[in-house]
1. Using the Karplus equation 6.51 cos²θ - 1.76 cosθ + 1.60 (θ = phi - 60°), what ³J(HN,Hα) coupling, rounded to whole Hz, does each residue of segment 19-31 give in order, writing x for Gly and Pro?
2. Using label points projected 7 Å from each Cα along Cα→Cβ, tell me how many nm separate residue 24 and residue 40, to one decimal.
3. State the extension gain, in nm to one decimal, for the chain segment bounded by residue 13 and residue 48, taking 0.36 nm per residue of separation less the distance between their alpha-carbons.
4. Any chance you could run the full-extension gain for residue 2 through residue 31? It's 0.36 nm times the residue separation minus the Cα-Cα distance, nm to one decimal.
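No lab work stands behind these numbers, since they all come straight from the coordinates. The structure presented is a predicted model; accordingly, all values stated were derived computationally and were not measured. Methodologically, a virtual Cβ is constructed for each residue, glycine included, from the backbone with ideal geometry; neighbour enumeration extends over all protein chains shown.
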Amino acid sequence: MTGSVVGGLLLGMGLDRWLGTGPWFALIGLVLGAVGGFLELARALRAWQREEEAKPERSDGGGEQPPVGGSGA
C-alpha cells in the first residue's frame with residue numbers, strides 16, 4: 001500500500017516538474033496511489049479470508065483437553 005501511495009506521489013511530482021503545473025499532478029497521483037493501495041489491501045484480505053474458510057475443520061473430539069501429568073496412576 002505504501003508503495004502505491006509513494007509511487008503515485010513521485011510520478012505526479014515528476015509530471016508537475018516537467019509540465020510546470022504546480023501541485024496538481026502530485027495531488028492526483030497521491031489520491032490515485034491511495035485508492036490503488038486500498039484496493040490491493042482489500043484484494044489481499046479477501047484472498048486471506050478465502051484461505052481461512054477453505055481450511056478443514058478440526059475434528060479432535062469436540063475440544064476435549066488431553067490429560068496432563070505423568071503415569072496416570
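1. The phi angles translate into 9, x, 9, x, x, 5, 5, 5, 5, 5, x, 4, 5 Hz.
2. 2.7
3. This chain segment gains 9.2 nm when fully extended.
4. Once the chain is fully extended between residue 2 and residue 31, it gains 9.2 nm.
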